[in-house]
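The values are calculated or read from the model by the stated rules, or taken from the named source; none is laboratory data. Small disclaimer: the values here were computed from a predicted structure and weren't measured. Every residue, glycine among them, receives a Cβ derived from its backbone with ideal geometry; neighbour counts consider all protein chains shown. These accessible areas exclude ligands, DNA and RNA; they are computed on the full protein's heavy atoms, side chains included. Shrake-Rupley method; radii C 1.70, N 1.55, O 1.52, S 1.80 Å.
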Amino acid sequence: MDLLTEPLIDRFDFRNAMSHFAAAVHIVTTDGRAGIRGTTVTSVCSVSDMPATLLVCLNASSAVNDRYEKNGCFAVNILAAEHESLAKAFAGEGKLSLDERFALANWAPLVTGAPILENALASFDCRLTDARIVATHRVLIGEVVGLNVAPSAPGLVYKERHFHTL
């Protein structure tokens with residue numbers, strides 16, 4: 001199929017249908033030579049447990065998302081219900097600077113230097129092993145080199161364009 005032809009599915013119909021897909025909410029972070037970055041995402045999944053590997057999708061139109069590749073690392077922080085305001089801040093609500101966003105919580109590195117949220121439900125510190133642009137998104141694949149798991153608490157999910165507690 002020629003990628004330049006008219007798509008079979010209207011993008012707005014697709015997005016409306018996908019809004020019914022409940023997804024865990026994460027803040028994906030990086031830090032290193034290219035600088036610090038953090039953004040709220042729902043597109044995260046496990047690829048393998050041997051070696052432990054995760055996949056993350058980021059909007060490719062955001063120029064600062066190239067920092068993940070340049071730094072060669074990223075961390076996935078799974079958010080608890082109490083983190084809704086943090087999720088909104090890292091999604092761009094309130095137009096806070098990166099420094100202001102990171103100042104809203106306590107962060108510390110594990111192995112790669114990517115910021116780990118102190119009270120996340122779980123945090124996965126990843127060494128970037130592959131990155132590709134697929135359609136409108138930058139797909140990052142990383143091997144988990146550090147892990148932090150907190151006691152169980154209600155999780156934060158996103159469904160029908162709103163946050164919910166699970």
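Quick notes on this structure:
- Helix-only [θ]222 nm of the chain, DSSP H runs n ≥ 4, -39500 (n - 2.57) each, per residue, nearest 500: -3500 deg cm²/dmol
- Scaled to the globular estimate 2.2 N^0.38 Å, the Cα spread of region 21-94, given as radius of gyration, is 1.12.
- Total charge dipole magnitude, the chain, about the Cα centre, Cβ charges on Lys, Arg, Asp, Glu only, Debye to nearest 20: 220
- Solvent-accessible area assigned to carbon and sulfur over the chain amounts to 57 percent, based on a 1.4 Å probe.
- Computed over the chain with a Gaussian network model linking Cα atoms closer than 10 Å, the most mobile of Gly38, Gly94, Gly146 is Gly94.
- Backbone HN-Hα couplings from phi across region 161-166 [Karplus 6.51/-1.76/1.60, Hz, Gly and Pro as x]: 6, 9, 7, 9, 9, 10
- The ellipsoid that matches the Cα gyration tensor of region 1-131 has semi-axes, each √(5λ) in whole angstrom, of 26, 18, 16, with the longest given first.
- Among His26, His83, His137, the residue with the largest mean-square fluctuation in a Gaussian network model of the chain, with springs joining Cα atoms closer than 10 Å, is His137.
- Using only alpha carbons, region 67-166 has a radius of gyration to Kirkwood radius ratio (Rg to Rh) of 0.97.
- Straight-line cross-link partners of Lys88 among the aspartates and glutamates, defined as a Cα under 16 Å from its Cα and at least 8 positions apart when in the same chain: Asp99, Glu100, Glu160.
- With all protein chains kept in place, the per residue accessible area of region 36-117 amounts to 47 square angstrom at a probe of 1.4 angstrom.
- When the chain is treated as a GNM with alpha-carbon contacts under 10 Å, the residue of Ala131, Ala75, Ala114 showing the greatest mean-square fluctuation is Ala131.
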